[in-house]
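Just so it is clear, none of the values below were taken in a lab; they were calculated from the coordinates. None of the values given here were measured: they were computed from a predicted structure. Quick reminder, even Gly has a Cβ in these numbers, built from the backbone with ideal geometry, and neighbours come from all protein chains shown.
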Amino acid sequence: MRVVAVDARPPAVTPPGVAWIGTDDQLPRLLAESDFVVVAVPLLPATRNMIGVKELSLMKSDAVLINIARGPIVDEVPFWAALQGEKIGGAVLDVWWNDFSWFQNGTWPSTYNFSSLPNFG
Ligand SMILES: *[C@@H]1O[C@H](CO)[C@@H](O)[C@H](O)[C@H]1NC(C)=O
Ligand SMILES: *[C@@H]1O[C@H](CO)[C@@H](O)[C@H](O)[C@H]1NC(C)=O
């Protein structure tokens, strides 16, 4: 597997097993190259909706987005549109836009029913 990454403060030396690691401004390159995109950043004002219309459009049409960070880092509306319109291959979510509603009262934690999509897990 070829691994690439971006980080706000990339290490001076590329870690073993990593093809390249760049700064955040190389996110478009990462998105265009990757078959699987794993989101693992903290939720900050600068990372909220970090994966939006532009970023989703840069992904390969068969690429899979995996969010293990926080729900609001991915912009919910264009993400739903990209999945429903099969602009990307699929998605796996470990987090939601409103995690609390699910755990507190069983209310579905998104505006959309992602479970109805065949390319969602
Ligand atoms: C469920 O909990 C969420 C988060 O606290 C809240 O926003 C929502 O209004 C609650 N819904 C109901 C039906 O109680
Ligand atoms: C979401 O979609 C799934 C699969 O089609 C369905 O079983 C479920 O009832 C739907 N949930 C809502 C809230 O519509």
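Rounded to the nearest 500, the 222 nm mean residue ellipticity of the chain from helices alone is -6000 deg cm²/dmol, with -39,500 (n - 2.57) taken per DSSP H run of at least 4 residues. With R₀ set to 25 Å, the beta-carbon distance separating LYS54 from VAL18 gives a calculated FRET efficiency near 0.50.
Once backbone amide H atoms are built at 1.01 Å from N, TRP96 has GLY71 as its partners under 5 Å, excluding neighbours fewer than 5 places away on the same chain.
Quick one: net charge of GLU55's neighbours, Cβ under 14 Å, K/R +1, D/E -1? Around GLU55, the charge tally is 0. For TRP108, put the label point 7 Å out on the Cα→Cβ axis and report which residues of region 53-88 keep their amide N under 15 Å from it. Residues 77, 80-81, 84 qualify, since their backbone N sits under 15 Å from the label point.
Calculated FRET efficiency, GLU86 to ARG29, Cβ-Cβ distance, R0 = 22 Å: about 0.40 to the nearest 0.05. Listed peptides 21-32, 100-111 appear in the order 21-32, 100-111 once ranked by packing, highest mean of other Cβ atoms within 10 Å at the front. Computed extension gain for VAL95 through LEU43, at 0.36 nm per residue and net of the alpha carbon distance, reaches 17.5 nm.
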